[in-house]
1. Using only the Cα atoms, work out Rg/Rh for the chain, with Rh taken as the Kirkwood radius, to two decimals.
2. Based on the Kirkwood radius over alpha-carbon pairs, what value in µm²/s does the Stokes-Einstein equation return for the translational diffusion coefficient of segment 2-51 at 37 °C and 0.692 mPa s?
3. Which order do peptides 78-89, 152-163 fall in by mean Cβ count within 10 Å, highest first?
4. GNM on the chain, C-alpha springs below 10 Å: top fluctuator among 165, 261, 210?
5. Helix 262-288 versus the longest principal axis of the chain: what is the Cα-based angle in degrees, 0 to 90, to the nearest 10?
6. If you take the Cα Rg of segment 58-149 and divide it by 2.2 N^0.38 Å, with N the number of residues, what do you get?
7. Once all Cα-Cα distances of segment 82-223 are split into 10 Å bins that start at 0, what whole-number percent is in each one?
8. Binning at 5 Å from 0, report for segment 207-265 what percent of all alpha-carbon pair distances ends up in each bin.
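Please treat every number below as a calculation from the coordinates, not as lab data. Treat the numbers as computed from the prediction; the structure is a model and nothing was measured. As a convention, Cβ positions derive from the backbone with ideal geometry for all residues, glycine included, and neighbour counts pool all protein chains shown.
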Ligand code: GUN
């Protein structure tokens, strides 16, 4: 079997068109969705991510604000900016790009963002709501993965799902989202004893461990859905995921490529959260009148 690709670019384009439409409607009502992005330091990958986020906003008709600080900035300066953005009613989403330099306590920074503007879905309050199956802003990457599964009518209910990686940004929320849709979920990580034992049983496997070409075809169940969240460089400097695409696609039924798979969906769901936040703000205005 050769797997079919799930095309993240095509799905992103379709979803972003719908978001641009919602943004236009909001703007016509005087509430243009606005995302504020804070970037600290000179990490080149972060700079690219932030540039793509800002460009995504502009293309969809959102307003965007970008604040950049040198790597040695005092944390208080960033906390003051977050407080200012929290209080600014014209700003609907606030995002602090991670990782942060070592003088920062990232948890404290994320929790300084108002949960109502936490379009990354990283605030402990939003994470807690997600865990309880209540409405929150969902973290963008795992939410994008759920959209990809939905777009391909992948049966999540009753599926054996294996998530490799236990980060707060991807692995943990991914497992919770799959669980909430009725999958039987196993979370594997660097301490897992026999990883292939788990992955070979998985109808859906999501890999988010940051190791180039880690999941090989012989670790995949025939006919499985393989989702690659990785973004690495191989030995030749070429972009690659956490999945060994060439061997895995010979075994899987559906697979996400890198690039052009999960990556574009992350920014798309960030835009979705920002529109949602702007819609909530507009509704709140109506209620307070
Ligand atoms: N660093 C890597 N991924 C992300 C993300 O989704 N959001 C933020 N804020 N930082 C990141």
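1. Taking Rg over the Kirkwood Rh, I get 0.98.
2. 235 µm²/s
3. Per-residue mean Cβ counts within 10 Å order the peptides as 152-163, 78-89.
4. Maximum fluctuation in the GNM of the chain, among the listed residues, is at 210.
5. Tilt of helix 262-288: around 40 degrees.
6. 1.16
7. The calculated distribution, bin by bin, is 11, 36, 31, 17, 5, 0.
8. Per 5 Å bin, starting at 0, the Cα pair percentages come out as 5, 23, 32, 25, 12, 3, 0.
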